[in-house]
Structure formats: structure tokens, C-alpha cells
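A.B. asks: Would you mind keeping the following structure in view while I ask a few things?
The values are calculated or read from the model by the stated rules, or taken from the named source; none is laboratory data. On a predicted model such as this, the values are computed, not experimentally measured, just so you know. Because the Cβ atoms are built from the backbone with ideal geometry, glycine has one as well, and the counts that use them run over all protein chains shown.
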Amino acid sequence: MRRATLSFAAAVAVVAAVWPAAGPASADVGRPTAAKASQPVRRACSATTPVGVAHCNALIRTDVAGGAGVLPNVTPAGYGPADVQSAYALPAASGGSGQTVAIVDAQDLPTAESDLATYRSQYGLPPCTTANGCFRKVNQNGQSSPLPAPDAGWGSEIALDIDMVSAACPNCHILLVEANSPTIANLGTAVNTAVSLGAKYVSNSYGGGETSADSFYNHPGVAITASTGDSGFGVEYPASSSFVTAVGGTSLTRSGTARGWTESAWNGAGSGCSAIESKPSWQTAVTQCTRKANADVSAVADPATGVAVYDTYQSTGWQVFGGTSGSSPVVASVYALAGPPAAGTYPASYPWAHTSSLFDVTAGSNGTCSPSVWCHAGAGWDGPTGLGTPNGATGFANGGGGGCTAGQLLGNPGFETGTAAPWSATAGVIDSSAAEPARTGSWKAWLDGYGTTHTDTLSQTVTLPSGCSSYTFSFWLHIDTAETTTTVQYDKLTVKAGSTTLATYSNLNHAAGYAQKSFSLASFAGQSVTLTFTGTEDSSLQTSFVVDDTGMNVG
């Protein structure tokens with residue numbers, strides 16, 4: 001049935017959307033071995049971990065001992081809730097009701113709820129308890145027991161995280177999900193559990209060497225934040241994940257400015273260009289990185305200008321903490337103050353669409369690097385502080401900032417130009433012969449139909465904006481075949497979005513006329529994705545896969 005067999009080489013391989021190779025891994029360029037601090041500090045967790053295992057990013061001042069319990073007529077050392085809310089102009093009094101911020105950490109803090117009660121009582125915040133439904137602690141499988149083994153180091157991290165949610169968003173509920181151990185696999189499982197339990201904001205105050213475990217952190221419609229690290233210039237994962245808001249760190253001090261505060265890049269904040277993670281579509285050329293660049297945004301992290309934390313598990317009570325472990329839950333809480341993310345969007349894109357709603361941090365450095373923007377603060381984006389720090393919650397709201405403009409995104413969707421572009425296609429696929437009529441117009445894409453071993457491909461790469469409520473990929477398909485079997489798939493058409501198989505059709509699906517097929521690509525919002533049709537035939541009896549009137553509609 002097909003026109004004469006063409007004598008060309010084997011079909012072209014499927015086009016894939018591959019980002020250009022990044023420059024040298026940022027960890028290889030002048031990375032300091034530890035954060036420099038103007039005050040004596042210790043790490044809550046060892047920073048020496050193998051790939052696939054994370055360390056917490058909490059730093060504890062060793063020169064401050066503040067006592068235990070609620071301190072009447074005494075303000076604990078370190079910034080408290082009023083300071084955090086003032087510095088970042090947060091609508092904490094009115095915002096956050098009904099929102100749940102999840103904290104993901106490893107191991108157990110046995111005193112989490114009682115210590116949280118002391119912290120909130122000290123600062124006059126409303127109680128957040130299991131009894132009133134505000135606080136919940138579960139293991140990585142979402143169960144209240146058994147909980148992981150206690151650990152003082154990770155326990156300090158947990159105390160910092162839940163206190164920072166309380167400081168930035170006192171009305172928010174807190175879901176603490178404790179992983180069995182600090183492997184990325186277990187911590188990632190805890191992230192998935194947090195999302196399955198309904199959290200729309202998930203903070204991850206840990207990191208380690210770069211690895212690829214994005215299935216744990218790819219949750220459209222959920223704000224996932226992660227600390228960039230406390231060792232200065234260099235990249236940590238999961239902050240480097242393409243789907244995560246990477247949160248860097250600043251030094252925060254009071255000043256006589258109109259804002260009342262001033263910030264500079266903290267010299268311990270992590271930053272740089274990922275060696276393995278694809279560049280999100282919302283990160284612009286300003287990063288000078290062909291892959292994911294850290295950070296996206298930032299908040300206070302310098303232990304010299306640190307925050308007050310209450311922790312009594314193998315600890316003294318009131319202490320002063322720093323590290324990007326503190327900035328991650330602060331930013332997750334700001335997302336909660338901004339309101340629920342739009343379905344199908346990546347909240348990491350929101351600040352990039354609202355840069356005027358952030359405090360730009362223009363001074364400070366965290367190391368030596370090239371290009372210098374990866375480690376030196378300046379106007380606009382820079383590595384240590386990203387786009388800046390919160391100025392209210394507007395910069396973390398969708399509100400159209402995700403960049404959605406309703407429309408159809410594919411070029412030459414009905415092939416009526418008579419050529420493939422901007423599609424890439426095997427020779428002979430774009431066709432106007434009468435043997436297989438187009439659904440509309442004169443042209444269509446005819447894959448296979450030769451009755452001999454053959455492969456045809458058709459692909460186009462499209463960038464999907466974030467911030468849309470629907471992402472629908474559709475096409476009309478006609479299949480006819482000379483095969484007579486009713487049970488065996490000899491010839492196949494595979495349809496993919498990136499590496500994800502959307503559907504497979506075969507000679508068994510033959511039918512008269514065209515049928516429309518449609519798929520939601522909401523999980524690809526904010527990304528560039530290659531849509532690919534691959535038709536394969538065996539050595540005899542043709543099957544024709546005819547595609548027409550494609551569409552990639554967003555709105």
C-alpha cells in the first residue's frame with residue numbers, strides 16, 4: 001500500500017532535548033573546606049558523607065548558652081519571630097491559616113513537640129500541638145510509629161526547622177516527616193509521603209554530593225525548598241534539582257534604612273552551577289550556567305546573625321543557630337503565606353517572575369569562582385543569594401507570575417507547510433499523497449507503511465510555561481494494516497514526551513478513519529520537552545501510522 005520503498009539508511013534516532021554540557025563543576029573551583037564564621041560554631045551533623053547520603057545543614061553557636069524553659073522578662077539570644085517577620089515584611093498575622101508546611105529530616109527528635117511548645121510560648125505564638133491538630137509527626141511511611149532512632153545532631157536540625165516555620169508563619173500547621181536514615185532514598189521517600197499527606201510546602205534542610213533522584217522532588221503544584229549548603233561556593237543536592245527552590249543564605253543586621261535591615265551574602269552559603277541537573281526554563285541567561293544554578297532565593301543563615309532555637313534533647317535549651325538549614329524552612333513558610341501553588345506549576349519559577357517583589361542583595365561573597373557571579377553578590381541574580389530575599393509573600397505567589405499565556409504551542413501542527421520544520425522527521429514522513437488522505441488539508445505525517453523492516457520518527461521540542469491550569473497534547477491518528485493477526489503486535493507506534501512513554505499503538509489498533517488522542521503534560525510545566533513519535537515495522541505486511549492536526553494547548 002505504501003509508496004515504493006526508499007533506499008535510505010536506517011531511520012534517524014529520536015531527537016532528545018539535551019542541555020549543553022555545563023562548565024567545570026563548581027565544586028572544583030576554589031571551594032573552601034568550611035564556612036568562615038566570625039563566631040565559634042559547630043556543625044549539628046558531620047559534613048563528610050558519601051554520595052547518596054545527606055548531612056544536615058545546621059550550625060550552632062558555641063559561645064551562647066541561654067538556659068532552659070520559658071524565660072520570663074528575658075529575650076533569648078538570636079532573632080525571634082518578630083525579627084524574621086519584620087526583616088522580610090511577612091504578613092504573618094493574617095496569612096497561613098489552613099496551610100501545612102512539611103519538614104523532612106532524618107532520625108527522630110523525641111522532644112520535638114514539647115520543645116516547640118516552649119518556643120511558641122516564649123514568643124506568645126498560638127499553641128501548635130497534636131491535640132489541636134496543628135502539629136503532626138510521622139515516619140517516612142506516614143505512620144505515627146515506629147519512629148526512627150533518636151539522634152542529637154539531626155534532632156537539632158529538626159528543632160531549627162520547626163521553630164523557623166513558627167517564626168515565619170505562626171498560623172501554619174507543621175507536618176514533621178522523619179526518615180529512617182539520612183540516605184537520599186529515605187529522605188526522598190519522606191518527601192513523597194509529605195506530599196501524599198497533603199502538604200503543599202516541603203522544606204529540606206540537608207544536602208550532599210550531586211546525584212540524580214529527581215523522582216522524589218518532582219511535584220508540580222508543591223513548593224519544594226532545599227538548603228544550598230554551609231561550606232561556601234559549591235553545589236549540593238537536592239538544592240541543585242531542577243524542580244526545587246534552592247535557598248541560599250545571608251547575613252542579616254539591623255540598620256537605619258527605611259527597611260530597618262540590611263543584608264549581604266553569607267560567606268558560608270553554597271552556590272554554583274550543577275554538573276548534572278538540567279537548566280529549568282525559568283532560570284535565565286543571567287546565571288551563566290547551562291544547567292541548574294544555585295541559589296534561586298535566600299534568607300538569613302549566618303550564625304553570627306543567627307536565630308533563636310529551643311532544643312533540649314541532649315542539649316541545653318535556648319541556643320543560636322545558623323546555616324542554610326534555617327533559610328529553607330523560612331522560604332517554605334513564605335510560600336505558605338503566599339497561598340496554594342497553582343496545579344501543574346513549579347513554584348520554583350514564581351520568584352523569577354516577581355523579581356521586583358524581592359530584596360536584592362548586592363554585597364558579599366562566598367569564595368573564588370569563574371564566572372564571578374556564581375560566588376559574588378551583585379545587582380540581580382547571584383549564586384550565594386539568588387534573586388534576593390523575601391519582601392512580603394508576593395514574590396512567592398503564582399498570580400500569573402508563572403508566565404502562562406493561553407495558546408497552541410506547536411509549530412506546523414497540521415504539516416500544511418509541506419515540509420517538516422520545526423518538526424524533525426525521517427525522509428518521506430511529511431506526505432500529501434492520496435493513498436492515505438490527510439484528516440484536514442492536504443498534508444499529514446505518514447510513518448511506516450513499507451511492509452519491510454523500517455523505523456520512522458517525528459519529533460518537535462516545545463517549551464511549556466509554568467502557571468497554566470491545563471497542558472494538553474493532542475493529535476489525530478489513523479492506523480491501517482495488512483497484518484491479519486488479532487493477537488500479536490508486529491508493528492508499533494510509540495509516543496513519548498521526553499523519556500516518558502505516553503502511549504503505544506500497534507497493528508491491533510487499526511480502524512477506519514481518524515481518532516483523536518490527548519494527554520495531560522502538566523508534569524512538564526516550566527520545562528522544555530521533546531514530543532516524539534517512533535514507528536517501527538517488522539519484515540513483512542505493512543502497517544501505516546498516520547498523524548495529523550497535532551496540538552499542544554495550554555491555558
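A.B. asks: Scan the range 207-230 for residues that are hydroxyl-bearing (Ser, Thr, Tyr) and modelled with pLDDT under 95 and jot them down.
C.D. replies: Thr211, Ser212, Ser215
A.B. asks: Which one of Gln99, Gln122, Gln143, Gln107 is surrounded by fewer than 19 Cβ atoms within 10 Å (Cβ to Cβ) and not hydrophobic (A, V, I, L, M, F, W, C)?
C.D. replies: Gln143
A.B. asks: If only one of Ser251, Ser240 is out of contact with any helix residue (DSSP H, G or I) (no Cβ under 9 Å at 6 or more places or on another chain), buried (at least 23 other Cβ atoms within 10 Å of the Cβ) and of a type outside the set (Val, Ile, Thr), which one is it?
C.D. replies: Ser240
A.B. asks: Still on this structure: Test each condition in (1) of a type outside the set (D, E, K, R); (2) in contact with a Pro (Cβ under 7 Å, 6 or more places away or on another chain); (3) farther than 21 Å from Ala421 by Cβ; (4) assigned to a strand (DSSP E or B) for Thr550 and report the one that comes out false.
C.D. replies: (3)
A.B. asks: Do you know which residues across the range 494-512 are surrounded by 13 or more Cβ atoms within 10 Å (Cβ to Cβ) and out of contact with any strand residue (DSSP E or B) (no Cβ under 8 Å at 6 or more places or on another chain)?
C.D. replies: Matches in the range 494-512: Leu508 only.
A.B. asks: When the residues of the range 188-223 are filtered to those that are closer than 23 Å to Gly155 by Cβ and among the aliphatic types (A, V, I, L, M), which remaining residue is farthest from the chain's Cα centre (by Cα)?
C.D. replies: Leu197
A.B. asks: In the range 117-153, what count of residues is obtained for those that are part of a loop (DSSP other than H, G, I, E, B), in contact (Cβ under 8 Å) with a residue 12 or more places away in the chain and not hydroxyl-bearing (Ser, Thr, Tyr)?
C.D. replies: 12
A.B. asks: While we're on this one: When you go through (1) touching an Asp or Glu at 6+ places or on another chain (Cβ under 7 Å); (2) surrounded by fewer than 22 Cβ atoms within 10 Å (Cβ to Cβ); (3) farther than 30 Å from Ala65 by Cβ one by one for Gly388, which number turns out not to apply?
C.D. replies: Result: Gly388 passes all but (2).
A.B. asks: Name the one entry in Ala427, Ala421, Ala434 that is surrounded by fewer than 15 Cβ atoms within 10 Å (Cβ to Cβ) and in contact with a Phe, Trp or Tyr (Cβ under 6 Å, 6 or more places away or on another chain).
C.D. replies: Ala427
A.B. asks: When you look at Thr257, is it of a type in the set (Ser, Thr, Tyr), free of Cβ contacts under 8 Å to residues at least 24 places away in the same chain and either crowded, with 24+ Cβ neighbours inside 10 Å or part of a loop (DSSP other than H, G, I, E, B) (or both), yes or no?
C.D. replies: Yes.
A.B. asks: For the range 47-90, give me the residue count where each residue is farther than 30 Å from Ala213 by Cβ and assigned to a strand (DSSP E or B).
C.D. replies: 2
A.B. asks: Is it true that Asp480 is in contact (Cβ under 8 Å) with a residue 12 or more places away in the chain, among the acidic types (Asp, Glu), surrounded by fewer than 23 Cβ atoms within 10 Å (Cβ to Cβ) and not in a loop (DSSP other than H, G, I, E, B)?
C.D. replies: yes
A.B. asks: Let me ask you something else. Which residues, counting only those in the range 260-274, are farther than 14 Å from Phe233 by Cβ and either in contact with a Gly (Cβ under 7 Å, 6 or more places away or on another chain) or surrounded by fewer than 24 Cβ atoms within 10 Å (Cβ to Cβ) (or both)?
C.D. replies: The answer is Gly260, Trp261, Thr262, Ser264.
A.B. asks: Filter the range 409-443 for residues that are polar (S, T, N, Q) and closer than 13 Å to Ser459 by Cβ; which is farthest from the chain's Cα centre (by Cα)?
C.D. replies: Thr426
A.B. asks: Determine the pairs where a residue that is part of a helix (DSSP H, G or I), located within the range 175-203, has a partner that is among the charged types (D, E, K, R) with Cβ atoms under 9 Å apart, the partner being 6 or more residues away or on another chain.
C.D. replies: The qualifying pairs are Leu187/Asp105; Ala190/Asp105; Ala190/Glu178.
A.B. asks: Hey, another quick one. Name the residue, out of Ala338, Ala343, that is among the aliphatic types (A, V, I, L, M) and within 16 Å of the chain's Cα centre (by Cα).
C.D. replies: Sole residue among the options that is among the aliphatic types (A, V, I, L, M) and within 16 Å of the chain's Cα centre (by Cα): Ala343.
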